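Worksheet: the structure to be examined is printed underneath.
The values are calculated or read from the model by the stated rules, or taken from the named source; none is laboratory data. All of these numbers come straight from a predicted model, not from anything done at the bench. Using ideal geometry, Cβ is built from the backbone for each residue, glycine included, and neighbour counts are taken over all protein chains shown.
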Amino acid sequence: MSPAVIIFIVLALVAVACAVAMLVSKNAVYSALFLVLNFATIGVIYLMLGAPFIAVAQITVYAGAIMVLFLFVIMLLGGENLRLGEPLRGQRLIGLIFGAVLLAEIVLLLIFRSGMDQMVGTLTIDTSPAALGLEMFNKYSLPFEVTSLVLLVAVIGAVILTRVDPIRRPGKPDQDRKDQSGRQA
Amino acid sequence: MLVEWIIKSVVIVLFMTAGFAYVTLYERRLLARMQTRIGPNRAGPFGLLQPVADGIKLIFKEELVPHNADKLIFTLAPVITVIPALIITAVIPWGDTLTIGGTKITLYLTDVNIGILYLMAVTSISVYGITLAGWSSNNKYALLGGLRATAQMISYELALGLSFVGPILIAGSMSLLDIVKAQSSIPFILLQPAGFIIFFLASLAEVNRAPFDMPEAEQELTAGYHVEYSGMKFALFFMAEYIKLIAVAMIGSTLFLGGYQGPFVDQFPILGPVYLFAKVIIWLGVFIWLRATLPRIRYDRLMAFGWKIMFPIALLNVLVTAVVLVLVGG
Amino acid sequence: MTGSFPAAMLLKSLPEISLVILAGLVLLLSLVWKKRPPQALTWITIAGLMLCLLLALLFALPVKGPYLIWGGLLKIDVLSFLFRMIFLTGAALTVLISVERQPSQGQGEYLALLITSVFGMCLMAASADILMLYLAIEITAMPLFILAAFQFRQKKSAEAGLKYFLYGAMTSTVMVFGFSLLFGISGQTGYSAIAAALEPDRLPVSLTAGIFMLVLVGFLFKVSAAPFHFWAPDVYEGAPTPIAGFLSTASKAAGFAALLRILQEVFRASPELRFGLLAAAAVASMLIGNFLALRQKNLKRLLAYSSIAQAGYILVGAAVGTPLGASGAIYYLIAYLVTNLAAFGAVAVVSSNTGSDQIAAFSGLNRRNAALALVLGAALLSLGGVPVFAGFFGKFLVFASAVQAGAVWLAVIGVLNAVVGLYYYLNLLKVMYLDPVPEGSGPLTVVFPWKAALLVCAAGILVLGFIYRPWYHWADLAAQMLLLH
């Protein structure tokens, strides 16, 4: 067992443990922090695979931006006081069964695809930012542009859905279903 | 190889912590002169032992943990704040290669080809400590201060990241060593004036420093996210802020002022760190000058400034730089 | 590197590019041109959509034989061409129905989001790569999430948007997991490469079946088929009526276009698997949709359950996997577009005038506005599959394909369900024509855009019911080209 495999196994165990802890924890803030740890571990695994750009991007975007916003909202909404118990029974059991099925699929895939000795490999292609940039702007230019549109749509949606209501004139009751346009003209 | 890395890492950490101590003194003296008073000069000659005295005082203070605060996170938050501040300067080159008695020692810890991205990543995760500190204190003002600080930091991260793109484009590489080497003829501050100003202002906002220090305003928010902290934990926050200050000064000097470049640095590589040191001191002086002179910016204006002015200008800067480079023939 | 963007390829994508430009233009105009006449943006959008249609006819006609562009990510063939027409027409009709008597805030964003969604749908129909397909699904769905919640001051609309978003995000995730397994098997993201890796003797059936089920989750959600149909009633009821109409027609068509393509081009080696799973989903959708629609008192909810049932019928065509089945499904979708938009258009008119979309609000519609009742009646009969109206040929082709493929039991179940469906459609006709007019209701105001939209839809229903040959020819061409690769 080379040191790379040992480090990988340790990292993998940490990642899985963090993911399980995230699901099990009763405090939403702790769950979010476990998720951050999980993302950071995945970032290190990317680094081990020889993709430093993706590793740093993972940490900057996932652990550094997305999870901060998660934490922001959880803290503002008081997520540490979640109601215990679920309204629908048996969800955890069904979840575990589906999880096991998906795990079985992955295992089948691994067995079929390449055999178990290729657990840790390194990339032989060029993963420098320059090479990534060339790929992204030549072969994958259409998905790149479409992704930028997706982000634009998300920003527009965020702005629309949090728009502040104009000042209501006194005497006009809140109209419920009168006119399909729900706001003051 | 491993030994070299360990020694360099220890040197960096020691430099940052010692630097923090003396930057606090520098600030208090400079601020005092600008306010026509003298500043601390009793503890040791010229007040040079003042930081030591402060340190001893803070170690002996009683450490209070608020009732119902989340103990684990309350204790971890200062640690989470300090660590990114210490590791961010791992990629800054202090100089080129030094030859001592036949062995070549490189005066930088490591030269990754994604150095700038590393800076972005560490800046992104440095937000957590403050958020968690504000939340775990079980105190409305702390929470508010913490969330405000977080919002401010993530908003200005955008402009900060975009201001990095200018030097990357001109140098053609994300590695900080290459960027410094590309400044051997002209420092980038002359080629990227807009980028420099954006970086300067954004980095001020990132370290929550006046005039962008609303989150820790003593008068408005009763000291914001570290209101419930005392003793060594408070010292760690204090330390983190000043270490971040030194770190952004070092980054700024590397990206825009030429880093370790200066006259005769090719013949005497040992001059590299000296030049870097001098540039950092000047940069810090300007920061302290700003603190002494400008009033605090109100929070909503701060956010409007970051999103509506800095971000578009940063984008425009990237566009113009790229177009000019293509036209001039990079 | 100008060699990667040859002019011919850009010309073929000109309709999509102009859609993006149109969206930006509409958004910009809404911000800059504040003193515009109230319906200006509507007509500009419609003009733009018609221009894209024209550009598609001029520059993006499918050549003989498959043609991959953008590095193998998109495929320009009759299927993508035909569906592009469907989406553009559907969007234009939706924009016409969306006209409100008083202009409200956010009109520019509404139209821009709708156009962006159409762009995504065109990409969905043309995708030949799982990466592109996933992105196309995202850019189709995200504007629709926002549009469903557009009147978020009303709780039902906010609920609709939230439910659609959560459901969509969840099923998208499961589908992407399936895509990641597909990538894991083949090492590539293009359909043909994956199909080569999925050859039957190389993989255990459990693996292929598992992956197929995971991928199917996303598609069944998009077409509102059981067991992923739970979002449809709440979302259709809460969303603004034109958006509900758009969701039920164009969005469903996009889902089916992508599904047909992925069935034939990726999973072509497992016909029994395809048939088994899709037939099960079809039967479940038909049963659930028809039987639950019987008890509905709200017309939008009823139309939602009816659209679940219709998805079941179309799935029968997709399940059999023969050219007749695929062409039947495509014909059904074309007919369904005009039919359902007519229905939702009529609902929009009535609810805009009376403020309610309960079935009781439609009683005596004939006496209040005979033309409207006629259009709604034609739409309902078409949904029921009555001859002379468009829906008849759709159902006929789909059930004929089931019989031709030897699955007579499926056709029988389909016909029986169609009978059940006819019950509540005829019930609605009775309410419109025979029930008394409710107290204190005056004549209905129908502004010109609504008239235009309803007229076009009614004409479409009749034309597709009488003259089926040209449409069938195109649908058949599309289906045949799917099988060639």
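Of all residues being touching a residue at least 40 places away in the same chain (Cβ under 8 Å) and more than 8 Å from chain A (Cβ to nearest Cβ) in the range B:135-145, which is nearest to B:E63 (Cα to Cα)? Just the residue, please.
Only one residue fits best here, namely B:S137.
Please work out if B:M232 is assigned to a helix (DSSP H, G or I), surrounded by fewer than 20 Cβ atoms within 10 Å (Cβ to Cβ) and in contact with an Asp or Glu (Cβ under 9 Å, 6 or more places away or on another chain).
Considered against the rule, which asks whether it is assigned to a helix (DSSP H, G or I), surrounded by fewer than 20 Cβ atoms within 10 Å (Cβ to Cβ) and in contact with an Asp or Glu (Cβ under 9 Å, 6 or more places away or on another chain), B:M232 comes out as yes.
Mind listing whichever residues of the range B:106-134 are more than 9 Å from chain A (Cβ to nearest Cβ) and either surrounded by 24 or more Cβ atoms within 10 Å (Cβ to Cβ) or in contact with a Phe, Trp or Tyr (Cβ under 8 Å, 6 or more places away or on another chain) (or both)? I'd like the intermediate steps shown before the answer.
Step one: filter the range B:106-134 for residues more than 9 Å from chain A (Cβ to nearest Cβ), giving B:106-111, B:115-116, B:119, B:129-130, B:133.
Listed by number, the residues that qualify are B:L107, B:Y108, B:L109, B:T110, B:G115, B:I116, B:L119, B:G129, B:I130, B:A133.
Which of the residues that make up the range C:232-244 are within 12 Å of chain A (Cβ to nearest Cβ), buried (at least 24 other Cβ atoms within 10 Å of the Cβ) and not hydroxyl-bearing (S, T, Y)?
Residues satisfying the conditions are C:G238, C:A239, C:P240, C:P242, C:I243, C:A244.
Restricting attention to the range C:362-392, which residues are within 19 Å of C:I97 (Cα to Cα), small (G, A, S) and in contact with a helix residue (DSSP H, G or I) (Cβ under 6 Å, 6 or more places away or on another chain)?
Hits for the range C:362-392 are C:A373, C:G377, C:A378, C:A379.
Return the only residue of C:L216, C:L207 being in contact (Cβ under 8 Å) with a residue 40 or more places away in the chain, in a helix (DSSP H, G or I) and not acidic (D, E).
Just one listed residue meets the conditions, C:L216.
What single numbered condition from (1) touching a helix residue (DSSP H, G or I) at 6+ places or on another chain (Cβ under 6 Å); (2) free of Cβ contacts under 8 Å to residues at least 60 places away in the same chain; (3) not small (G, A, S) fails to hold for B:I114?
(2)
Hey, can you tell me all the residues within the range B:169-200 that are under 20 Å from B:R298 (Cα atoms) and crowded, with 23+ Cβ neighbours inside 10 Å?
Result: B:I198, single match.
Which of (1) on the phi > 0 side of the Ramachandran plot; (2) of a type outside the set (F, W, Y); (3) facing another protein chain (nearest Cβ under 8 Å) is the odd one out, the single condition A:G50 does not satisfy?
(3)
Looking only at the range B:146-165, which residues are surrounded by fewer than 22 Cβ atoms within 10 Å (Cβ to Cβ), of a type in the set (A, V, I, L, M, F, W, C) and at the interface with another protein chain (Cβ under 10 Å from one of its Cβ atoms)?
Within the range B:146-165, B:L147, B:A151, B:I154, B:L158 qualify.
If a residue has to be surrounded by 18 or more Cβ atoms within 10 Å (Cβ to Cβ) and under 27 Å from the mean Cα position of the chain (by Cα) to count, how many in the range C:28-43 make the cut?
Total meeting the criteria: 2.
Tell me, yes or no, whether the range C:304-325 has at least one residue that is within 14 Å of chain A (Cβ to nearest Cβ) and among the β-branched types (V, I, T).
No: the range C:304-325 contains no residue that is within 14 Å of chain A (Cβ to nearest Cβ) and among the β-branched types (V, I, T).
List the number of the failed condition for C:P37; all other conditions in (1) outside any loop (DSSP other than H, G, I, E, B); (2) at pLDDT below 85 hold.
C:P37 satisfies every listed condition except (1).
In this structure, is C:L54 surrounded by fewer than 23 Cβ atoms within 10 Å (Cβ to Cβ), at pLDDT below 90, out of contact with any Ser or Thr (no Cβ under 9 Å at 6 or more places or on another chain) and more than 10 Å from chain A (Cβ to nearest Cβ)?
Criteria not met by C:L54.
Of these, C:A346, C:A370, C:A390, C:A335, which one is within 19 Å of C:A453 (Cα to Cα) and free of Cβ contacts under 8 Å to residues at least 12 places away in the same chain?
Testing whether each residue is within 19 Å of C:A453 (Cα to Cα) and free of Cβ contacts under 8 Å to residues at least 12 places away in the same chain leaves just C:A370.
Exactly one condition in (1) in a helix (DSSP H, G or I); (2) of a type outside the set (D, E); (3) in contact (Cβ under 8 Å) with a residue 60 or more places away in the chain is not met by C:F221; state its number.
(3)
Can you tell me which condition B:T103 does not meet? The list is (1) buried (at least 16 other Cβ atoms within 10 Å of the Cβ); (2) modelled with pLDDT under 85; (3) more than 26 Å from B:S203 (Cβ to Cβ), and all the others hold.
B:T103 satisfies all of (1) buried (at least 16 other Cβ atoms within 10 Å of the Cβ); (2) modelled with pLDDT under 85; (3) more than 26 Å from B:S203 (Cβ to Cβ) except (1).
Assuming C:K395 fulfils every condition listed in (1) of a type in the set (K, R); (2) farther than 30 Å from C:W43 by Cα; (3) over 20 Å from the mean Cα position of the chain (by Cα) apart from one, which condition is it?
(3)
Which residues, taken from the range B:263-298, are at pLDDT below 85 and surrounded by 15 or more Cβ atoms within 10 Å (Cβ to Cβ)?
B:V265, B:P269
For the condition surrounded by fewer than 21 Cβ atoms within 10 Å (Cβ to Cβ) and within 20 Å of C:F275 (Cα to Cα), what is the one hit in C:A195, C:A169? Even if it seems obvious, please write down each step before you answer.
Values: C:A169 fails: within 20 Å of C:F275 (Cα to Cα).
Among C:A195, C:A169, only C:A195 is surrounded by fewer than 21 Cβ atoms within 10 Å (Cβ to Cβ) and within 20 Å of C:F275 (Cα to Cα).
With the checklist (1) within 14 Å of chain A (Cβ to nearest Cβ); (2) under 30 Å from C:F212 (Cα atoms); (3) surrounded by fewer than 24 Cβ atoms within 10 Å (Cβ to Cβ) in hand, flag the one item C:G108 doesn't pass.
(2) is the only condition that C:G108 fails.
So C:A373 fits all but one of (1) farther than 19 Å from C:A293 by Cβ; (2) outside any helix (DSSP H, G or I); what number is the exception?
Every listed condition holds for C:A373 apart from (2).
Report, by residue number, each residue of the range B:166-178 that is within 12 Å of chain A (Cβ to nearest Cβ) and under 20 Å from the mean Cα position of the chain (by Cα).
Once the filter is applied, which keeps residues that are within 12 Å of chain A (Cβ to nearest Cβ) and under 20 Å from the mean Cα position of the chain (by Cα), the range B:166-178 yields B:I168, B:M174, B:S175.
Picking from C:G65, C:G72, which residue would you name as being at pLDDT below 90, facing chain A (nearest Cβ under 9 Å) and either outside any strand (DSSP E or B) or under 24 Å from A:E145 (Cα atoms) (or both)?
Being at pLDDT below 90, facing chain A (nearest Cβ under 9 Å) and either outside any strand (DSSP E or B) or under 24 Å from A:E145 (Cα atoms) (or both) holds for just one of C:G65, C:G72, which is C:G72.
Restricting to the range A:93-103, what's the tally of residues that are of a type outside the set (G, A, S) and under 21 Å from the mean Cα position of the chain (by Cα)?
4
When you scan the range C:104-202 for helices (runs of 4 or more DSSP H) that lie fully inside it, which ones turn up with 1 or more residues that are over 24 Å from the mean Cα position of the chain (by Cα)?
Ranges flagged: C:155-186, C:191-197.
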